[in-house]
Amino acid sequence: MRTNYLFPFNSRYVGIGLVLLHVPIKLLWDSLYPKGDDYHDPTAENGGFLFSTPHLFFIGTTLMVLVGLFLIAFSKEKIEDEQIVQLRLDSLRWAIYLNYVILLFSLVFTHGGESNHILMLNIWLPLLFFILRFQWVLYKQKRSAKSDETRL
Amino acid sequence: MKNTIRIERAVKNITQADLAEQVGVSRQTINSIESNKYIPSTVLALKIARVFEKGVEEIFSLEDSDLH
């Protein structure tokens, strides 16, 4: 079997853990430092320090979500056969399509500071859409296999 | 492309899960192939034919729509 450069099956649970863990940490941080976001915005007062604590926190939580989504998206299925490979590629193609449609729209309809937010959105949107689409087709496939089993 | 896997399975009296295990894929994949939703690779088609001890063309055949 060819190498498929995917993470082991169980790494999806680490990924889910990281994404879930980021929520209470972020909530706690926001309640402690309500204006914390200003510190990684170079245009804000007191902002612009690359290695200030709020900015490091921002990098840390963003990395948690990204690594988490990455592990969920690219961990092997229990049986990683050729059909799964095809569904995976198909979902990846749809994720890229959607991402570029959103990018193009935002390029046309936003300007200035707003476009930075779109860039942030684009960091995790393709991964999230890929995961949702891939899991949806897997679910549909399992359901149709199950209904065939009861019918036969 | 159509196939006679469902019939061959009935003759040999094996389940989708049995066949899936013998050729190293998931049961869902066998189900998709049987219902013509997925076209297997040449390697997988040959493996399936081997389980039924038949030539690959006895199990898989082209349809008119494949020829255009």
Check: What list of ³J(HN,Hα) couplings, whole Hz, do you get for segment B:36-51 from phi and the Karplus terms 6.51, -1.76, 1.60, once you set θ to phi - 60° and write x for glycine and proline?
Finding: 6, 8, 9, 9, x, 5, 4, 4, 5, 4, 5, 5, 5, 4, 5, 4
Next item on the list: Among the listed pairs A:Lys146/B:Lys2; A:Lys140/B:Lys37; A:Lys146/B:Lys37; A:Lys142/B:Lys37; A:Lys146/B:Lys47; A:Lys78/B:Lys37, give every one whose C-alpha distance is greater than 18 Å.
Entry: A:Lys146/B:Lys2; A:Lys146/B:Lys47; A:Lys78/B:Lys37
Notebook entry, point to check: How many partner chain Cβ atoms sit within 10 Å of a residue's Cβ in peptide B:10-20, on average, as a whole number?
Noted result: 1
Notebook entry, point to check: Which distance in Å, rounded to a whole number, links the C-alpha centroids of segment B:25-68 and segment A:90-152?
Noted result: 30 Å
Checklist line | Neighbouring partner chain Cβ atoms per residue of A:139-145, average, 10 Å criterion | finding: 4
Next item on the list: Might you report the magnitude of the Cβ-based charge dipole of segment B:1-55 about its Cα centre, with Lys and Arg at +1 and Asp and Glu at -1, to the nearest 20 debye?
Entry: 120 debye
Item checked: Per-residue ³J(HN,Hα) for segment B:56-68, Karplus 6.51 cos²θ - 1.76 cosθ + 1.60, θ = phi - 60°, Hz, x for Gly and Pro -> 4, 6, 7, 9, 10, 9, 6, 9, 4, 5, 6, 8, 9
Check: Label 7 Å along Cα→Cβ of B:Asp66; segment B:1-15 residues with amide nitrogen under 14 Å?
Finding: B:1-5
Next item on the list: Compare the peptides B:32-39, A:24-31 by average per-residue count of other Cβ atoms within 10 angstrom and give them in order, highest first.
Entry: B:32-39, A:24-31
Next item on the list: Please average, across the residues of A:77-88, the number of beta carbons from any other chain that are within 10 Å of each residue's own beta carbon, and give a whole number.
Entry: 5
Next item on the list: Quote the relative contact order of chain B in percent (integer), defining contacts as alpha-carbon pairs under 8 Å separated by 6+ residues.
Entry: 42 percent
Next item on the list: Give, rounded to the nearest 20 debye, the magnitude of the charge dipole that the protein assembly as shown has about its Cα centre when Lys and Arg contribute +1 at Cβ and Asp and Glu contribute -1 at Cβ.
Entry: 620 debye
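Every number in this text was worked out from the coordinates using simple rules, so none of it is lab data. This is a predicted model, so every value here is computed, not measured. Please note: Cβ atoms are built from the backbone with ideal geometry, for glycine as well, and neighbour counts cover all protein chains shown.
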